[in-house]
Every structure is written in structure tokens, then in C-alpha cells.
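Report on the following structure.
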Amino acid sequence: MAAATNDQTGFQMSLKYISLITLTLQNATLILFMRYVRTRPGEMFMSTTAVIMAESLKCLTSLAIILFQEGGLKQLVTRLYEDIIQQPMDCLKISIPSIVYTLQNNLLYVAISNLDAATFQVTYQLKILATALFSVVMLNKKLSPFQWVALVLLFIGISIVQFKPESQPKSTKATQVQQNAMLGLVAVIVSCLMSGFAGVYFEKILKGTKQSVWLRNVQLSIFGTIVGSITMVIKDGAAVQEKGFFFGYDWAVWLAIFLQSFGGLLVAVVVKYADNILKGFATSAAIIISCIASVYFFEFQLTILFTVGAALVILSVYMYSMFAPAPPIQVDTGSKLNGASK
């Protein structure tokens, strides 16, 4: 029994770090492609349709995973009926983060279309502090003083890293869209607050429920597709009717949509086996990877500022991991039995 428990714990730990690494790589490429497809010349796709497609792909992927786990279509339908149709209040509860996530995804397109890469990446790190604050308030998470210092160091390190790439002349080519810096700044700040709230709220739901993470993603995606469709009708209804839903789509747009949808599933796995602040660190590390990739693909020159910023980020991750408060000792026998039966 003890050996089986240790194996399960080891598997969960491995899954946690694998998902964090994959999430880091996903975020490193997502921002680059989103910026590229929103500022390149040519026909511009409507971002509201991209949000809908990302939610739809996430829903289909989650359904496919549940189908595989249940072992047949009949079992899948039974599972969906029992956990969704027969539990309307539970679905209503999951609709809150779904609505917030969908609006946040639309705001991200607004922000990345109006802010240069460095400003967007640096300002978007406010979501880590927002997540920490909501975690303390909503989950009663205890952060040590060193962890708070680590969060500050993380933000400073990421900020320093961002200075040099935008100073390179080759990285500041004129874009093909008109930009409003104030609009982009407001959009990214509101998006950070939404990300922190929705992520912690979703974490609370996942860790206090028997439903699988994939079923929760089906619920999120269904509500997200509905809210995204309403947003599309309000913002781009006339344009979609005139030009078509897939106007401006090509391989790059589809790749950006896939990365965004894939990232949504990864986030769900991360918050199931880790927590939202670790997810934030993975996202921040992705920015450094993007800068390193720029050395090879965009002739970015490695500088002292970049090295100092990277060192601060590494230090912040070390501090957060080493100085986390010790979890409380579980003495309730019933809780132990319930935990062993999962």
C-alpha cells in the first residue's frame, strides 16, 4: 500500500514538472506568434473568431480524452449527462471563470495589437502578483516573506530582460496596424487581474471536486464558446457577415490558435497538480526562452542587462521553492482514507 502511494505521488510530481516545462515552451512561442499575426501586412483576421476557435478546439480535445478514458461513446454520453446535465448548479459555478477567461483572451488580442513586445511582456507579469494576492485571499494560501521577495525579484528580473530586445533596431520595424498605447496598457492590466482571479477560482474548484480536469475543461469551453460568440456578434458581427468567419486565416493564425488552446489545457493540468504561482513562473521563464531564441533567429545580442535579469529570475524561482511554508500535518483519519482512495 505504501509503495503504491509513493508511486502515485512520484507520478504526480513528474506530471507537475513535465506540464510546467511544456507550458513554458508553449508560452514562449504563443506570444511571438500572436504578435506576428496581429502586426504583419495583409488581410487581418478577426480576433473574436480566433477566441471561439481556441475554445472549440479545447472542448473537442477534452472530449476525445474523456472518450478514451471512459472506453466508449455510450459511457462518454453517460458521463456528460451525469456530471453536466444533472448538475446545473455545478455548471453555473464553473461559468464564472469561463466568462472571465473568455473576456481575458479577447483583451489579450487588444493588448498585443497595441503594445510593443517588451511593454506587453513586462506588464503582463503583473498577473503573478495578482495570482498571489487572490491565492492568499481566496485559498488562504500562506506565503513566507521570502516568497513575497521572490515575486518582487521575478518582476524586476523580467523587466530588466525586456530592455535590450526592444532597443535593437531590427526588432522595431513599423507595424502595419495603428496602435494605441494607452488602450493596450489598460487592456493588459485588466487582463492580469482577470487572469489572477479566474486562475485561483478555477484552482479552488478543481482541488475541491471529484470531476476530472478534462470534464471541467469541457464545461469551461462550452461556456467560453457561448460568451465568445456573443462577443463576436457585438464587436465583429457585421464584418463576419460580410467577409466570413475565417477571413484572414492562414497557417500562422491556426498555429497561434492551436498554441492558445493547447495552453489552456496545460494550465488546467498545472493548477490540478501544482498551483497558479508556479504557473506564473513558467510563463515568466518563457519570456527568457523567447529572448534566447531571438539570439539565433533575430540576431539579438546577449548583454549584461539580459544576464542580470536572467540571474534574478533564477534566484526568485529558487527562493520561492526553498522558502515555501511547510504544509500542515494531517491528523484526521477520515481525510487520510479519502486521500488514499483517490
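Accessible surface computed residue by residue for the range 177-253, with neighbouring protein chains in place and a 1.4 Å probe, gives 49 Å² per residue. Taking each of LYS93/LYS207; LYS74/LYS210; LYS127/LYS210; LYS142/LYS204; LYS207/LYS235; LYS58/LYS127 in turn, the alpha-carbon distance tops 26 angstrom for LYS127/LYS210; LYS207/LYS235. Subtracting the Cα-Cα distance of LEU305 and ARG40 from 0.36 nm times their residue separation leaves 92.5 nm of extension gain. When the P(r) of the range 60-150 is calculated, the portion above 20 Å amounts to 63% of the C-alpha pairs.
Each part gets one Cα centre, and for the range 132-154 versus the range 86-104 those centres are 26 Å apart.
Between ASP90 and ILE21, the modelled labels are 3.4 nm apart [label points 7 Å from Cα along Cα→Cβ].
The values are calculated or read from the model by the stated rules, or taken from the named source; none is laboratory data. Quantities reported herein were computed from a predicted structural model and do not represent experimental measurements. Cβ sites come from the backbone with ideal geometry, for glycine too, and all protein chains shown count toward neighbours. Surface areas here come from the heavy atoms of the whole protein model, side chains and all, with no ligands, DNA or RNA. Shrake-Rupley method; radii C 1.70, N 1.55, O 1.52, S 1.80 Å.
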